[in-house]
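Data first, discussion second: the structure below is written as structure tokens.
The values are calculated or read from the model by the stated rules, or taken from the named source; none is laboratory data. It should be emphasised that the depicted structure is a prediction, and the values quoted were computed from it without experimental measurement. Cβ coordinates were reconstructed from backbone atoms using ideal geometry, including for glycine residues, and neighbour counts include every protein chain displayed. Keep in mind that these areas ignore ligands, DNA and RNA; they rest on the heavy atoms of the full protein, side chains included. Shrake-Rupley method; radii C 1.70, N 1.55, O 1.52, S 1.80 Å.
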Amino acid sequence: MTSTPERTGTAQATVAEVPRGVRSAPSRRIWPGVLGLVAVIALTALLGSPTQLRSAILVVCYAIAAIGLSVLAGTTRIVNLGVAAFFGLGAFVCAALLPVVELPVALVAAAAAGMVLGLVTAPIAGRLTGVFMAILTIGLTLLAQHVFRILPGWTGGTAGRTVAAPIVGGIRVDRDVVVGGATVSGEVGYLLVCSLVLVLVVVATSNLLRSRIGRALNTLATSPVAARSFGINPARLRSTAFLYSSALAAVGGGLFAGYSGFVTYEQFNVELSIELLAVVVLGGLGSVYGVLLAALVLVGLPELVLALHHWLPFIAPAGSTDGITAEQFSAVLFGVALAVVMVVEPGGLAGLARRGAPRIRSVLPLHHTRSAR
């Protein structure tokens, strides 16, 4: 009689058996996208105004946290409305450490703190789904806000806390510096630091989703029954994704602290969690570059509306209360865009891009030349 293989094996062996036709990430090379991202960052640093540069920094902070949330929601279908708790934890950890250490060390500590909090909640998160998980994570955000408020020695309590200047390599990156005879503004310097972290996160996440672990996560999202048949432990895999998402949210919060210069518990509320989740849904669950574009829409839309207020008579100018503010109208536009995209393409902006790419390529002259060959 032949013996049946044991279902309990090493994680590496069982994950390796996941069919290669099942993938959660783009199978194409990631470097063209990374180079395109670097080009956009370079153009922004060279041509952006101070206001645009600060908006770009906020986009990067939100995008880093949203990428982790996209991995979690896109592969395990866990709706984490407690991401603001991890974002705030990273911000307060960096605020406490920046007076004594440089920014990279503070970010590592923030990621470690986020993973510790994730370890506390992951055993429960790995076993809950749907509305139960949403309720749990909302409670986590409310609890975190309460803890931030009652620890004035660490967070400043109700008064908030001022954040020391971020230092990298002995240089204050929030202050103008002269490099090769050219003056680099503090906004450009901090944007470049944040962008470097973003590029590292994009590369790491893209490689993770293309790995055997990524295929296992996608199998779990597609069919939990099939995942168990391959010997995959759903609870353990969900917990792993939750830890990764927690670390990225804390890193995004740490960069946000250096950007804002002041943090208070009121900033890290359920509304922030909903905004980041909306970014993930608009960009596309499990998509990295779709989330980047959605974060740009979320942060950049108020700036665009304010710039066009001359053609929108119902929009109040900056500093005025006579009419609808740019933030209010942009929130309506973002909600309408989210609803339209969900009806047209549930895969979000990434899904729209995948559907439109073949049509665009079909009308390009290069495509016809290759077809003729």
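Look at the stretch 26-75 and say how many of its residues are under 15 Å from the mean Cα position of the chain (by Cα), among the aliphatic types (A, V, I, L, M) and over 18 Å from residue 194 (Cα atoms).
So the count comes out to 4.
Residues that are among the aromatic types (Phe, Trp, Tyr), at least 1 per element: which helices (runs of 4 or more DSSP H) completely within the stretch 194-312 meet that?
Those helices (runs of 4 or more DSSP H) span 234-260, 289-307.
For the stretch 274-292, does any single residue satisfy the condition of being under 12 Å from the mean Cα position of the chain (by Cα) and farther than 23 Å from residue 217 by Cα?
yes
With the requirement that a residue be open to solvent by 10 Å² or more (accessible area, probe 1.4 Å) and outside any loop (DSSP other than H, G, I, E, B), what does the stretch 77-96 give you?
89, 93, 96
Going by the structure shown, is residue 161 in contact with a strand residue (DSSP E or B) (Cβ under 6 Å, 6 or more places away or on another chain) and in contact (Cβ under 8 Å) with a residue 24 or more places away in the chain?
Spelling it out, residue 161 is indeed in contact with a strand residue (DSSP E or B) (Cβ under 6 Å, 6 or more places away or on another chain) and in contact (Cβ under 8 Å) with a residue 24 or more places away in the chain.
Quick check on my filter: what residues within the stretch 269-328 are farther than 30 Å from residue 141 by Cα, open to solvent by 60 Å² or more (accessible area, probe 1.4 Å) and touching a residue at least 24 places away in the same chain (Cβ under 8 Å)?
Correct list: 304 only.
Here are 160, 139, 156, 169: which of them is closer than 30 Å to residue 346 by Cβ, open to solvent by 10 Å² or more (accessible area, probe 1.4 Å) and over 18 Å from the mean Cα position of the chain (by Cα)?
139
Working carefully through the options 13, 39, find the one that is part of a helix (DSSP H, G or I), loosely packed, with under 14 Cβ neighbours inside 10 Å, modelled with pLDDT under 65 and among the small types (Gly, Ala, Ser).
Selected residue: 13, the only one of 13, 39 that is part of a helix (DSSP H, G or I), loosely packed, with under 14 Cβ neighbours inside 10 Å, modelled with pLDDT under 65 and among the small types (Gly, Ala, Ser).
Quick check: is even one residue across the stretch 228-243 open to solvent by 10 Å² or more (accessible area, probe 1.4 Å), at pLDDT 90 or above and under 12 Å from the mean Cα position of the chain (by Cα)?
no
Mind telling me which of the residues 99, 104 ends up being modelled with pLDDT of 90 or more and part of a loop (DSSP other than H, G, I, E, B)?
Testing whether each residue is modelled with pLDDT of 90 or more and part of a loop (DSSP other than H, G, I, E, B) leaves just 99.
Just one of (1) of a type outside the set (A, V, I, L, M, F, W, C); (2) open to solvent by 30 Å² or more (accessible area, probe 1.4 Å); (3) under 30 Å from residue 157 (Cβ atoms) trips up residue 261, so point out which.
Failing condition for residue 261: (2).
Out of 68, 33, which single residue is touching a residue at least 60 places away in the same chain (Cβ under 8 Å) and under 10 Å from residue 280 (Cα atoms)?
Criteria check complete, one pass: 68.
What about residue 223, is it without any contact (Cβ under 8 Å) to a residue 40 or more places away in the chain, of a type in the set (Gly, Ala, Ser), surrounded by fewer than 23 Cβ atoms within 10 Å (Cβ to Cβ) and under 21 Å from residue 79 (Cα atoms)?
It is true that residue 223 is without any contact (Cβ under 8 Å) to a residue 40 or more places away in the chain, of a type in the set (Gly, Ala, Ser), surrounded by fewer than 23 Cβ atoms within 10 Å (Cβ to Cβ) and under 21 Å from residue 79 (Cα atoms).
Residues to consider are 195, 206, 211, 185; find the one that is open to solvent by less than 70 Å² (accessible area, probe 1.4 Å), within 21 Å of the chain's Cα centre (by Cα) and farther than 19 Å from residue 249 by Cα.
Within the list 195, 206, 211, 185, the selection yields 211.
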